[in-house]
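The values are calculated or read from the model by the stated rules, or taken from the named source; none is laboratory data. Remember, predicted model here, so these are calculated numbers, not experimental data. Every residue, glycine as well, gets a Cβ built from its backbone with ideal geometry; the counts of neighbours run over all protein chains shown.
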């Protein structure tokens, strides 16, 4: 095994370790009564954001494409998962199993949409891809918003007008109520389930990155024309990164849905996509562990510093701009090379 | 008659989109970047005019003028501080993310100053409504002003670009930055000028938008901004007549979508248009194809 | 000797501009063949036609008897054409080793799931890839820098890495686009030896574009001279370089 491989392996284990240690600390705090009710309520959303950030980093950092529609995939996963759980509430009575299936279904639906959207869209590049993914995210949100779905003894009824035009039997159950969304999803989500989903997500993403497929994805990111010249199928690998990322976002959505009394499509707007992007950028584009930490810190911190809440988004905005200029502006890079050279020298070897 | 009034409303909304889209398309043509914050400059323009009228009691026309000046200055500041350092950056992603940061910055600064409650905007238009066909067709004063300002701006801009030295410099920079520089054109100045014009137009668009839909909040600009970008892409990004055409078509499509399909789905329809255009003809209606050099 | 690359009546127009016109070329297996000509003569365009970046307007390209005209780049690479670029195109964000392993992509396979789950087949294939990639890096004396980010290699070594990556795809013919550009005389001398070594040890056919006449005269066995997109002269290197027409094209009237 080469030195670099060992380093990577250790680095991956540190990432898993951080998640597990965080879980243990929270458990201890909870059992000793040191965790405020506000923080307790934040545990599952934290897990949701971590998975969302890590999955988006696969597209932005590893595949090198800017997607601004990640909330859309989360939305699909959330509604698919919640829909499934509502329908099977009485048939599958084991909460854990039902939730596991709901996560899978959320991921599967999001993956399906990721694939369907990705096929046409990934031909575009850069700004156009960003704006089209944004458009898809908005379309998904708007379309789910107008659907009414109910189930009765005759099967599933669908309408785009209102719940009364579903024409259900009296025994029917309204599941999706247009803009009001889905209410009464069983609250199957737990912090433990969230942590497991994070670990699975990390396992999939970290190992994918370091495999033959991951290498292909990164080579396309670094130079599309050269990747083509050595026989790498651009569409296939772009699509792979996009679909896997969508699936994970879908699972995150399903987790999110099972933690809420009311699930509404309007929550999954483009601001959520941008928030995920902020996590990715601040954690370091392409740095998976960074995404985990950024998502946790940026979600927990504003809640802990209530007084600062007003300034939160403003600070995010400024940090976003400063980070980009510091990391990418040719003049800033020159300056860094000159004055901070020693601190960045080690990045010459790929073991950061 | 309702068809005709929808059409007129569509053209009116489309005129606003067209004015915003002009800013997008000029900046994209010259700096090759998607200025995500452009929509928020519109909102800033709206607030500037609002403050002038409500707090300072200025006459509407003066308020518009102040708004234009404010936005022009902000546009140039954004360009110099945030975008210029990244102009030669290796990653186009960096510029786009910075632009998103600027967009959030503007929204949140306004949020802190004015609060999140929507303000009801008093129309700056004092022209009476026009009643046609025995009063069955009503064209509002705002509509008349909007459509005519769009046409005036469009003509003025075309003349500016084809007749003035600065306009020719803009064309040259959009064609080839390096060559333009060698010809003695100050590229940075030209790009700043482009941002200035685009942002000034955004202020006008902001005032017109708020006069037609009189609710003003820190998020007022973001959706019309994105839609105007759709319009710019639709018409062919980088092309000024394209922005005009794309804006009008998009406005009409949106209003018809609202009227005949579903008011909740009208945004989805607009975005669907974008997707179809990009997939079928990525260069837009009037754009030209660029091939990557190997 | 068998023919490795056969080009007949190759041409392409961009809009009204005829960039390449009626080019014929025949390169025998194992030959070191040079494509020279003044700037803008259409040399790189021919490379782009040979590798499927552009589709020819007319003409036929045959590789080892197989018609590859107008096929997509990936298929042409799989058929056995690999290339380097005039302006180096490495995968800057991954390691030197991974650059070569990316080149091995189509020759060593395991499923995506095996990669994620790290199955024994993943370990086995990755190990084979590492070994093969290190072998190639040794040839170009890059083995010590295997863990470096490609972006951090010095210029000369980047050029070499590009050749190593192209060779990793196990091609039948290697196209080198100005391999000596930006090199000093010592580096060029070293490069000539490397090219010879590659031809002899990998049993490779090599077609190269070059402006450095010392390199061309030193290693190319046959030449095609292009001017204004058309063949000006073709044949043995010594004959071509002493042809008065070629001298005129290069030095002007």
Counted residues, segment A:270-295 - those being assigned to a loop (DSSP other than H, G, I, E, B) and in contact with a helix residue (DSSP H, G or I) (Cβ under 6 Å, 6 or more places away or on another chain):
3
Can you pull out the residues in segment C:78-108 that are at the interface with another protein chain (Cβ under 7 Å from one of its Cβ atoms) and at positive phi?
none
Residue that is assigned by TED's automatic domain parsing to the domain that holds residue C:27 and either out of contact with any helix residue (DSSP H, G or I) (no Cβ under 6 Å at 6 or more places or on another chain) or within 30 Å of residue A:201 (Cβ to Cβ) (or both), where the choices are C:223, C:207
C:207
The lone exception for residue C:38 - which of (1) without any contact (Cβ under 8 Å) to a residue 24 or more places away in the chain; (2) out of contact with any strand residue (DSSP E or B) (no Cβ under 6 Å at 6 or more places or on another chain) it fails
(1)
Can you find a residue in segment C:81-104 that is touching a residue at least 24 places away in the same chain (Cβ under 8 Å) and farther than 20 Å from residue A:222 by Cβ?
yes
Looking at segment A:292-313 only, could you name the residues that are within 12 Å of another protein chain (Cβ to nearest Cβ), at pLDDT 75 or above and surrounded by fewer than 18 Cβ atoms within 10 Å (Cβ to Cβ)?
A:311, A:312
Among B:115, B:57, which is on the phi > 0 side of the Ramachandran plot, within 14 Å of chain A (Cβ to nearest Cβ) and surrounded by fewer than 15 Cβ atoms within 10 Å (Cβ to Cβ)?
B:115
Kindly evaluate residue A:50 against the criterion of being within 30 Å of residue A:125 (Cβ to Cβ), more than 14 Å from chain C (Cβ to nearest Cβ) and assigned to a helix (DSSP H, G or I).
yes
Does segment C:123-143 contain at least one residue that is touching a residue at least 40 places away in the same chain (Cβ under 8 Å) and in a helix (DSSP H, G or I)?
yes
Hey, among C:97, C:176, which residue is in contact with a helix residue (DSSP H, G or I) (Cβ under 9 Å, 6 or more places away or on another chain), modelled with pLDDT of 90 or more and outside any helix (DSSP H, G or I)?
C:176
Of A:244, A:281, the only residue that is buried (at least 16 other Cβ atoms within 10 Å of the Cβ) and at pLDDT below 90 is A:281
Unique residue being within 9 Å of chain A (Cβ to nearest Cβ), out of contact with any strand residue (DSSP E or B) (no Cβ under 6 Å at 6 or more places or on another chain) and surrounded by fewer than 19 Cβ atoms within 10 Å (Cβ to Cβ) when the list is B:222, B:262:
B:262
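Here is a yes/no grid of residues against (1) at the interface with chain A (Cβ under 10 Å from one of its Cβ atoms); (2) crowded, with 23+ Cβ neighbours inside 10 Å; (3) more than 24 Å from residue B:175 (Cβ to Cβ); (4) within 13 Å of the chain's Cα centre (by Cα):
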site: B:198; (1), (2), (3), (4): no, yes, no, yes
site: B:204; (1), (2), (3), (4): no, yes, yes, yes
site: B:208; (1), (2), (3), (4): no, yes, yes, yes
site: B:243; (1), (2), (3), (4): no, yes, no, yes
site: B:268; (1), (2), (3), (4): yes, no, yes, no
Cβ pairs under 7 Å, 6+ apart, first in segment A:1-12 and more than 9 Å from chain C (Cβ to nearest Cβ) and surrounded by 14 or more Cβ atoms within 10 Å (Cβ to Cβ), second in a helix (DSSP H, G or I) and modelled with pLDDT of 85 or more:
A:12/A:206
